[in-house]
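Down below is the structure, laid out as structure tokens.
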């Protein structure tokens, strides 16, 4: 066999026969017991032989996890260039990273990571003074798996409440401190989930949580009814006052925030991840009632700002692409709302700062930023460096400047300072990553899905790349929950790009790139559109010679893990490698765990009708597996994932190993002391990315 050797960045990136030879031997997977559990749905009996793996705290499940991880890490350890990838990625990752600054009281705060610190550190400074460490979460745990997941300050900046996550869990602790000396005030609050912190003065704050599930099921037990509390400083958490929710107004998700002047308490309430009720309480009037402004869950509404009793509301009521309206708080029912910034053909989000409105539009999944005054008059278009994603723009009313971060697939995150009066942007912090954008390009294409719908996709690669069908390609997608995938730089992707690989991201239906209609075109009994869009993206890349089946990997996480699971079971011939991460794999039982029932707007449930059951049963990745030759697959999950519980991945991997008829590996990599993704230590993130690339390259027959 003739070996073709290509030199790139002083690293040999070649194809060897021995890589293929290693993957012709079927792995010896752990023996996984099967049970006789059967559920009956509308007369259809559905076996669930791996139901026992749902009990992630049981000794036999823990033993299974340990045995599976041994097989996986034994396999990965045999990849000869895994260490080389690790060294390269660690070197790439080792640069200072900053967040945009924000002002609280007399201080300017910002997050910074020196390079390889487990967690970013919160710093502060006065004016141009010497910065000092304010909070260092790296001191909260020996292994770096306790993370800072938000901090909220009083209006005067004198007090702060910060949230800690341990091992990646969505359950949080809240600690209150004085900002002058960082001394702790009162007791630590515990068992708080899916919550912000909304200070009222300096005496206390609002927060949301659920009743904690029973012992033994803390991570997987159903969290059904959210409750909004007020915590008075100096009192025990058990005496916190219930403000909203509970038995009188049962809701699955409740959020609360105050207008900047603390005039109004705004409450949002929902039972699914789409649509919300809107409530308002006038805090300037003692014991004023909580008024319902929107009494249904059909649309989404958010109070952006106020000027005295005048409210500014971002809404998609009768406007699926969103608009901004105004109303008088004294009579704020939706019938009184008046358009301030009407809906356009582009999807709108918005923020306020310096007495201005920043309308942040998505135009074909990229950013367009317009600045308006508070009367709705357009002042300017913010000039961005290129086509990409801009985020930020929020600041307090009295500030003269605001900050935003701009990025794209080939533009490392750069923080800009915007002079609000003139509209002039200047670079505040430039990324220090070792990457030369001039060597790469991103191209947006539009391809036809199965039903003819045009779908956008951005393809990123090294300039001068030859379309020879042999470029290792990672195709990424999500397609759900109104989430928009916008261009964003990834340090990890440098590993792929600098060695002639391709990174492709498709903006599937079910996302929010084109508003409510685009979202609804990929939910419930239209979910197959999402899978068809992704399959069509792969076929486009193959048809246009960017890659071929033998050099294509598909990837996605959470709802994107479901996407990969569904596509690989429907089209096992489509790609060489499948990388489903923290996926929703059992569509018949997803609503039985944590807050999963809230996903029913997108998915529907097996219990609601026979037609919905039949539809879910057909594509549910766990149930769709049959004896077949599937792509090389590495399922990834984490033991503390209490959002998409690891049982989804456990059951899918067990059945995949049972049904895999081809020689390709069917592995599961289970991270310990980690959750759904947020809060992982830098070491955990790098290790996971290294194993992803090593597994992908190796199964494509590519070596270093």
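What to note about this one:
- Residue 284 vs. criteria at pLDDT 95 or above, closer than 25 Å to residue 230 by Cβ and either touching a helix residue (DSSP H, G or I) at 6+ places or on another chain (Cβ under 6 Å) or not in a strand (DSSP E or B) (or both): yes
- Residue within region 353-363 that is out of contact with any strand residue (DSSP E or B) (no Cβ under 8 Å at 6 or more places or on another chain) and within 30 Å of residue 595 (Cα to Cα) present: no
- Residue within region 256-271 that is part of a loop (DSSP other than H, G, I, E, B), in contact (Cβ under 8 Å) with a residue 12 or more places away in the chain and out of contact with any strand residue (DSSP E or B) (no Cβ under 8 Å at 6 or more places or on another chain) present: no
- Selection status of residue 684, touching a helix residue (DSSP H, G or I) at 6+ places or on another chain (Cβ under 7 Å) and either surrounded by fewer than 22 Cβ atoms within 10 Å (Cβ to Cβ) or within 19 Å of residue 117 (Cα to Cα) (or both): no
- Residue count, region 402-438 (criterion: touching a residue at least 40 places away in the same chain (Cβ under 8 Å) and either closer than 26 Å to residue 94 by Cβ or surrounded by 16 or more Cβ atoms within 10 Å (Cβ to Cβ) (or both)): 21
- Looking only at residues of region 358-381 that are more than 27 Å from the chain's Cα centre (by Cα) and part of a strand (DSSP E or B), we find that the one that is farthest from residue 401 (Cα to Cα) is 378.
- Here residue 537 meets the list (1) under 22 Å from the mean Cα position of the chain (by Cα); (2) buried (at least 22 other Cβ atoms within 10 Å of the Cβ); (3) part of a loop (DSSP other than H, G, I, E, B) almost entirely, failing just condition (3).
So that you can scan it fast, the table gives a plain yes or no per residue for (1) in contact with a helix residue (DSSP H, G or I) (Cβ under 9 Å, 6 or more places away or on another chain); (2) assigned to a loop (DSSP other than H, G, I, E, B); (3) farther than 16 Å from residue 525 by Cβ:
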| site | (1), (2), (3) |
| --- | --- |
| 553 | yes, no, yes |
| 562 | yes, no, no |
| 565 | yes, no, yes |
| 579 | yes, no, yes |
| 585 | yes, yes, yes |
| 598 | yes, no, yes |
| 614 | no, no, no |
| 618 | yes, no, no |
| 630 | yes, yes, yes |
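- Any hit, region 195-204, residues being touching a residue at least 60 places away in the same chain (Cβ under 8 Å), farther than 24 Å from residue 100 by Cβ, within 28 Å of the chain's Cα centre (by Cα) and assigned to a loop (DSSP other than H, G, I, E, B): no
- Within the set 103, 91, 155, 139, the sole residue that is loosely packed, with under 15 Cβ neighbours inside 10 Å and touching a residue at least 60 places away in the same chain (Cβ under 8 Å) turns out to be 91.
- Some residue of region 331-339 being part of a strand (DSSP E or B) and either within 28 Å of residue 243 (Cα to Cα) or within 31 Å of the chain's Cα centre (by Cα) (or both): no
- In the condition set (1) part of a helix (DSSP H, G or I); (2) within 17 Å of residue 684 (Cβ to Cβ); (3) free of Cβ contacts under 8 Å to residues at least 60 places away in the same chain, residue 86 is compliant with all but (3).
Okay, residues lined up against (1) touching a residue at least 40 places away in the same chain (Cβ under 8 Å); (2) more than 16 Å from residue 553 (Cα to Cα):
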residue	(1), (2)
478	yes, no
488	yes, yes
507	yes, yes
512	yes, yes
518	no, yes
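- Taking the conditions (1) surrounded by 13 or more Cβ atoms within 10 Å (Cβ to Cβ); (2) free of Cβ contacts under 8 Å to residues at least 40 places away in the same chain; (3) on the phi < 0 side of the Ramachandran plot in turn, residue 115 satisfies each one other than (3).
- Here residue 623 qualifies as touching a strand residue (DSSP E or B) at 6+ places or on another chain (Cβ under 9 Å) and over 18 Å from residue 65 (Cβ atoms).
- Restricting region 635-668 to residues that are touching a helix residue (DSSP H, G or I) at 6+ places or on another chain (Cβ under 8 Å) and farther than 18 Å from residue 562 by Cβ, the residue that is surrounded by the fewest Cβ atoms within 10 Å (Cβ to Cβ): 639
- Selection from region 653-684 of residues that are in a helix (DSSP H, G or I) and in contact (Cβ under 8 Å) with a residue 40 or more places away in the chain: 653, 654, 655, 657, 658, 682, 683, 684
- Any chance residue 319 is surrounded by 17 or more Cβ atoms within 10 Å (Cβ to Cβ) and in a loop (DSSP other than H, G, I, E, B): yes
- Residues in region 161-209 that are at pLDDT 95 or above, surrounded by 17 or more Cβ atoms within 10 Å (Cβ to Cβ) and over 18 Å from residue 237 (Cβ atoms): 179 alone.
- Matching residues in region 406-421 - criterion: being assigned to a strand (DSSP E or B) and more than 20 Å from the chain's Cα centre (by Cα): 411, 414, 415, 416, 417, 418, 419
- Any hit, region 483-500, residues being under 26 Å from residue 685 (Cα atoms), assigned to a strand (DSSP E or B), under 24 Å from the mean Cα position of the chain (by Cα) and at pLDDT 95 or above: no
- Criterion: at negative phi and within 19 Å of the chain's Cα centre (by Cα) - qualifying residue of 666, 694, 678: 678
- Residue check, residue 456 touching a residue at least 60 places away in the same chain (Cβ under 8 Å), within 22 Å of residue 97 (Cα to Cα) and part of a strand (DSSP E or B): no
This table checks each residue for (1) part of a helix (DSSP H, G or I); (2) closer than 30 Å to residue 25 by Cα; (3) modelled with pLDDT under 95.
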position	(1), (2), (3)
568	yes, yes, no
588	no, no, no
605	no, no, no
626	no, yes, no
634	no, yes, no
640	no, no, yes
645	no, no, yes
651	yes, yes, no
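The values are calculated or read from the model by the stated rules, or taken from the named source; none is laboratory data. Quantities reported herein were computed from a predicted structural model and do not represent experimental measurements. Don't worry about glycine lacking a Cβ; one is built from the backbone with ideal geometry, like all the others, and counts go over all protein chains shown.
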